[in-house]
Each structure stands twice: as C-alpha cells, then as structure tokens.
1. What residues have an amide H closer than 5 Å to that of residue 92, excluding those fewer than 5 places away on the same chain, when H is modeled at 1.01 Å from N in the peptide plane?
2. Taking amide H positions as placed 1.01 Å from N in the peptide plane, with prolines and chain starts having none, which residues 5 or more places from residue 185, or on another chain, fall under 5 Å of its amide H?
3. Quick one: Karplus J couplings for segment 53-64, per residue in order, coefficients 6.51, -1.76, 1.60, θ = phi - 60°, nearest Hz, x for Gly and Pro?
4. What order do you get for 65-77, 162-174, 195-207 when each peptide is scored by the mean count of other beta carbon atoms within 10 Å, highest first?
5. Using DSSP to call loops (not H, G, I, E or B), can you name the trypsin sites (Lys or Arg not before Pro) in segment 123-161 whose Cβ has at most 10 other Cβ atoms within 10 angstrom?
6. How high is the relative contact order of segment 92-162, in percent, counting Cα pairs under 8 Å that sit 6 or more residues apart?
7. Relative contact order for segment 74-218 using alpha-carbon pairs under 8 Å, separation at least 6, rounded to a whole percent?
8. Give me log10 I(q)/I(0) at q = 0.11, 0.16, 0.20 Å⁻¹ for segment 65-215, Debye formula, one equal scatterer per alpha-carbon, no solvent.
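Quick note: the coordinates plus some simple rules give every number you see, no bench work behind them. Just so it is clear, the structure is predicted and the values come from calculations on it, not from any experiment. Methodologically, a virtual Cβ is constructed for each residue, glycine included, from the backbone with ideal geometry; neighbour enumeration extends over all protein chains shown.
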Amino acid sequence: MVRWFALVLFTGFVFAQAPVTPAEGAAAATTAVEQSPTGQAPAAQASSGFPFDQFPEFSAIMVGSVVVGDTEEAHIYRSGKMLRMQSAEGIGYYITDLETSDSYGMSATGCMHDTHPYMRSFPFTAARKDRKVERVAAGKETVDGHECLIEDVTISSGGLINPMQLRFWEAEDLHGFPIKVAITKGPRAVIHYKDVVLGPQDPTLFIHPNSCKGTVPQPPAKLPAAPSKAKKPPASSPAGSSQK
C-alpha cells in the first residue's frame, strides 16, 4: 500500500528548465512557418486562462503522465474541482481536489489521504489561482485524426522557481479540448487523451471518505488469558499417621 500511494507526491516537483539551444529554436520556428496556411510565421496571439478551464465536466482515457516514458492508459473523470483517476497499478483510484490539492486513494485494501495531488492530476493542477498563465498560438497539426490548434503555454509565479512551459494540441472537433499535452522544458513528458466525452459526470464517482485510517490489522483489545496449569494432587499422608 505504501508503494501504491507514494506516487501522489510526484506532481509537487518544481521544473528545472534546460536552456533552449539555437538549433531547437530554429527548428521550432521552421515548424511554425510550415504549419501556417500563408507560409509565414503566425502572429503571437495571446489568449487568457488555462486551456482546461473551459472543460469542467468530462471523461477520457489518459495515456501517459508527467513521468517521462509512461505509456500506461488510465480512466480519468472531472467534475468541477474534483478529479478522479485510475491508479497506476490499476488496483484502485484517486480523487484529487484541484483547489486544495488533497488526494484520497481508494482500493480494495482501504483508503489513504495525502495533502498533495496525485501524479495523474497534472497538468490540471499546474494552473493555480496564484499563478500567471500566458498562451501563444503556435500553428496547427493533426493528432490522432483530430485537427488541432497548437498553443504554447507558460505558467509562472505562485511558488515556482522556474516557469513551466507546456504545449497543448486543442482538437477543433472537441471544442478545443486538449488531446495532447507536452512538457517542453524540463522533463519531456507527453500526455494524450482519447475517447473524450464532454458533459456532466456521475457525482457518485467523486465521493470519498472524509477521513482515511487504512486497514492495518489492529491487535485485539484484550489478549485471551493463558490456560491455567493443572494442579498437582495433594501429597498422601504417611502410613499410620493420625488425622485430625
């Protein structure tokens, strides 16, 4: 159970950014020009808000996570500030409150609580109310059969040592829902979302205990008394002795 819940802490990390080399910058600029309908670099049109803010109700299958190289699939559901995610081992699920970052882990072995978001709650937990979000258009691309608008998103302040830099692919046929998210500085993780269903979710999916104490076996309140030892028979009286 300890191993199952240890990954909750993963999304509390701070991104250590690597500098962009001239070659990387030139490649990015070339890609943007190639994706522009006019063959010219698109204008830096900034948008406000976090790309997922307009999707408070949905379900999907999440492929990958903030862990680099992760390709595992897991169900994810969102209803307002609550996010429910299948656990990495597939033996239970987590519910993270996006406002408080509290997470509750549920499985057949019991319930656990932590004050950090579960790793699969990234990138939803990245844009807190005390952080600044900047969005810049970066062209268009087809991903998994969806025509997508690309946006480069920078998240700063709010306790971050270095700004987070992410890229979002927003599917036009899903009203702009990001079906792909990539971390472009630091750990180069990529997350995909498929089988996206927009709309209200079953509220019972987000119910969790207010207190979790686990299921560690407890010793009995009172140990059973030890069996009494057999009493020795009384010694026989010597022959011929008188009895009172």
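1. 87
2. Answer set, sorted by chain and number: 165.
3. In residue order, the calculated couplings are 4, 7, 10, x, 9, 6, 9, 6, 9, 9, 10, x Hz.
4. Averaged packing, sorted descending, gives the order 162-174, 65-77, 195-207.
5. Taking segment 123-161 and a limit of 10 other Cβ atoms within 10 Å, the loop trypsin sites (Lys or Arg not before Pro) found are 129.
6. 21
7. Relative contact order here is 17 percent.
8. -0.47, -0.98, -1.40
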